[in-house]
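What follows is a single structure, written as structure tokens, with notes after it.
The values are calculated or read from the model by the stated rules, or taken from the named source; none is laboratory data. Everything numeric in this text was worked out from a predicted model, so none of it was measured. Counting neighbours? That spans all protein chains shown, and the Cβs are built from the backbone with ideal geometry, glycine included. With ligands, DNA and RNA removed, areas are computed over all heavy atoms of the protein, side chains included. Shrake-Rupley method; radii C 1.70, N 1.55, O 1.52, S 1.80 Å.
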Amino acid sequence: MTTELLNQFLQKLTTSEALPLSAIEQLAAWELADELRAKAFGITPANVRQVLDLRSHLFHTIYPDLMQLCQTKGIKQHPAWLETLFNLWLPLAMQLASHRQQLERPLIQGILGGQGTGKTTLAAILTLILGHLGYRTLSLSLDDLYKTYPERLALQQEDPRLIWRGPPGTHDIDLGIKVLDQLRRGQENPNLQSEIYNLKSIAVPRFDKSAWGGAGDRAQPEIVENIDIVLFEGWFVGVRPIDPSAFDNAPPPIVTADDRRFARDANAKLQDYLPLWQRLDSLILLLPTDYRLSQQWRRQAEQQMISTGKSGMSDETVDRFVEYFWKSIHPELFIQQMARNSDWVDLVIEINRDRSIGLVYKPSDRLP
């Protein structure tokens, strides 16, 4: 694919509702040439023209609102962002809409990704596109399920190793199950009422990271109704426990006996999350081509905040912060295994060093 030529086509689509036939034919050839992505999004020689016609129309329709969203949310438009919109965000949103139609009930879509992989941006853009397709979308973060500040203080008294919120054991799993069940059942029988489930209005937990001097606490819940699609994202959403023997020769920063004990304890706590993961209808994995990029991306984010006059972590603090989470759930041990398991993950989206999109595939289609 010639990126320059593709961008010319897409720039035309920002002002025109349709492309000339020659451009559509070229786009069709490019779509089918990426066999992994084509399979992932169900694109075939028989339907590619129809798919591109629909996608082109949607691209033109949402473009003004997307520009407004980027400005409002401060979303950076990297050089390949139009290509990402056309080749990833639009087909992904269309796939979620189709999945929702087939289910005939709210879809619970999991999004797994480490720091800097763009979970929040992805959720915001999918919400915009799905809104244009007629679907009400709710973003829910694993962070929204943190235990309350007093509960986490008590937890830290029991286990002083929990110096930062985030590792397995710091979330209210029962709350997450209750909310996802409420959202899932919200449209199965709108006339049904019970004391346990208020199926018309649902209180969705939210977390205020600024409370208690940055320690964070539960905030006022958001009241929602008639949700079609839930985007449930987090840094270990869907992650399963692994064989504890994997920690005998674990990669850095799991180097000491205490590190291995902490990693094994976090691994054991993942068992408690399995009932929550069972509520997921599908799971998307945002996979950096090198997991260590998360550390670099977090440094860049903190440096950017500091440059605008806001408080942010130093590079040294970022390194300790990120490595702390690697000690609890190491990407090399957990995430790489997830990317190869089609029973756990439905779609893998690789993220390159420059945050552009790499390969997009179903684990079952990826060659060993």
- Task: Report, as a whole number in µm² per second, the diffusion coefficient that Stokes-Einstein gives for the stretch 1-92 at 4 °C and 1.567 mPa s using the Kirkwood radius over alpha carbon pairs.
- Result: 95 µm²/s
- Can you work out the accessible area per residue across the chain, with the rest of the protein chains kept in place, probe 1.4 Å, in square angstrom? 48 Å²
- Task: Heavy atoms only, probe 1.4 angstrom, no DNA, RNA or ligands counted: give me 297, 164, 235 ranked by accessible area, highest first.
- Result: 164, 235, 297
- Message: Quick check: at a probe of 1.4 Å, how many percent of the accessible area of the chain sits on carbon and sulfur atoms?
- Response: 49 percent
- Query: Where does the chain land at 222 nm, in deg cm²/dmol rounded to the nearest 500, when only DSSP H runs of n ≥ 4 count, each adding -39500 (n - 2.57), divided by all residues?
  - Reply: -14000 deg cm²/dmol
- Note on the structure: So the compactness index of the stretch 126-281, its C-alpha Rg divided by 2.2 N^0.38 Å, takes the value 1.20
- Item | nm² value of the averaged projected area, convex hull over the Cα atoms of the stretch 238-303 | 6.2 nm²
- Relative contact order of the stretch 1-115, pairs being alpha-carbon contacts under 8 Å that are 6 or more residues apart, as %: 27 percent
- Bin by bin, in steps of 5 Å, what percent of the Cα pairs in the stretch 299-368 do you find, going until the bin that has the longest distance? 3, 14, 15, 16, 18, 13, 10, 7, 3, 0
- Task: Note the full-extension length gain between residue 105 and residue 36 as 0.36 nm times their separation in residues minus their Cα-Cα distance, in nm to one decimal.
- Result: 22.0 nm
- Amide H to amide H under 5 Å from residue 146: which residues, 5+ apart in sequence or cross-chain, H placed 1.01 Å off N in plane? 172
- Task: Can you give me the three principal axis dimensions of the stretch 33-147 from its C-alpha atoms, in Å, biggest first?
- Result: 50, 35, 27
- Task: Express the C-alpha Rg of the stretch 96-151 as a ratio against the empirical globular expectation 2.2 N^0.38 Å, rounded to two decimals.
- Result: 1.35
- Which helices of the chain meet both criteria: a Cα extent of 30 Å or more along the helical axis and a mean Kyte-Doolittle score no lower than -0.5, with helices taken as whole DSSP H segments? 48-73
- Task: List the pair-distance distribution P(r) of the chain, using every Cα-Cα distance, as the percent of pairs falling in each 20 Å bin from 0 up to the bin containing the longest distance, rounded to whole percents.
- Result: 26, 58, 16, 0
- Item | Inter-centroid distance (Cα atoms) of the stretch 134-183 relative to the stretch 308-358, Å | 19 Å
- Message: How much of the DSSP bridge set in the stretch 230-368 is antiparallel, in percent, rounded to the nearest 5?
- Response: 40 percent
- Note on the structure: Sorted on mean Cβ neighbours within 10 Å (highest first), peptides 25-38, 136-149, 344-357 come out as 136-149, 344-357, 25-38
- Take the alpha carbon atoms of the stretch 217-368, find their radius of gyration, then divide it by 2.2 N^0.38 Å using N residues; give the quotient. 1.17
- Message: Testing the spin-label approximation: label points 7 Å from Cα along Cα→Cβ at residue 354 and residue 314. State their distance in nm.
- Response: 3.3 nm
